[in-house]
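Working notes, structure below.
Since every read-out is calculated from the coordinates, none of them should be taken as a lab result. Computed from a prediction, not measured in an experiment: that's the story for all the values here. Glycine gets a Cβ as well: all are built from the backbone with ideal geometry, and neighbour counts include every protein chain shown.
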């Protein structure tokens, strides 16, 4: 172990995954432990905040112990403690934050609060150890749809964001309407492979052509209206075609705006991040368009797209070497904006 090496113990609990990881020098993941609650929340058709918080309390100690064990490290070997402090479900955030502050106090280690979206972007640094700013990142998840210009580590310009439903939220709502259940993203992706994406012409919610913002509520309403109209007229609905046509509209908008944002910034590096980055159609289509434009594209492996602590550890490393730490008064901020400290 080199004395100059920096080891971050990171904690993530912003929604329904309890996660802990040990990351070395911002790029090397020594452990990445995730305890998912998907099976539990599936019973309710979505995440129930109170239940999520209680499960975090049950799981967080053993998740951290396993992360340290898998990394073959002791708590005392850790350089700093990192934790997501926003955005997210306030009760869920508080569990991870309380644990992190307790560890930082007991071990006399620095505390680093990390923005959840910054973590998703940093997953790209783990996937490719040579990948670095500047680049344009498309962050698409259950709660966020952001187009971000990353000029340097920890420096972000939000070029566009969702005005209503995030992309992942739209996937969940449409999947529920079709009758596929929760979580919607993987189910829509799977069904779309069996359907015809040109069977139904749903709107592509681009808003103004010169805007990089997103709006998926109108598309969601169009799908619901299509389903209701056909049900009232006793017309058979091909669920796979609905899934494929809906997914095509979402992917077209995400890809088009991402490519246009990169062109506006004169940047030839693009990154994808967030849970929706696991969608196979989005990955394929963005790769094709980047190749056409001569852009390089970085996409994390699916395990790094879902909520995890390794991405938080990577983001925390760059905060730490830039001198950013927090005291024990740090609070959970469920509506934290990217770029706020």
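Helices in the chain, meaning DSSP H runs of at least 4 residues, each add -39500 (n - 2.57). Divided by all residues, the mean residue ellipticity at 222 nm is -14000 deg cm²/dmol.
Debye-formula intensities of region 74-229, expressed as log10 I(q)/I(0) at q = 0.09 Å⁻¹, are -0.43 (one equal scatterer per alpha-carbon, no solvent). Annotation: peptides 64-74, 164-174, 116-126, ranked by per-residue average of other Cβ atoms within 10 Å with the highest first, follow the order 116-126, 164-174, 64-74. What the Cα convex hull of region 107-168 gives, in volume per residue, is 117 Å³.
Shape summary of region 240-341, radius of gyration then Dmax from alpha carbon positions: 17.0, 52 Å. In terms of overall dimensions, region 132-300 has a Cα radius of gyration and Dmax of 16.0, 56 angstrom. Could you state the angle between the C-alpha long axis of helix 49-70 and the longest principal axis of the C-alpha atoms of the chain, as a value from 0 to 90 degrees rounded to the nearest 10? The answer is roughly 50 degrees. Sorting 217-226, 237-246 by average packing, meaning the other beta carbons within 10 Å per residue, from highest down gives 237-246, 217-226. Mind grabbing the base-10 log of I(q)/I(0) for region 226-278 at q = 0.17, 0.20 Å⁻¹? Debye formula, identical points on the C-alpha positions, no solvent, two decimal places. After summing over all Cα pairs, the log10 values are -0.68, -0.79. Once the Cα atoms of helix 310-321 and of the chain are each reduced to a long axis, what angle between those two axes, in degrees from 0 to 90 to the nearest 10, is obtained? Orientation of helix 310-321: about 50 degrees from the principal axis. Each residue of the chain gets 126 Å³ once the volume of the Cα convex hull is shared out per residue.
In region 1-108, the alpha-carbon atoms span a convex hull of 97 Å³ per residue.
Angle of helix 90-107 to the longest C-alpha principal axis of the chain, folded into 0 to 90 degrees and rounded to 10: 20°.
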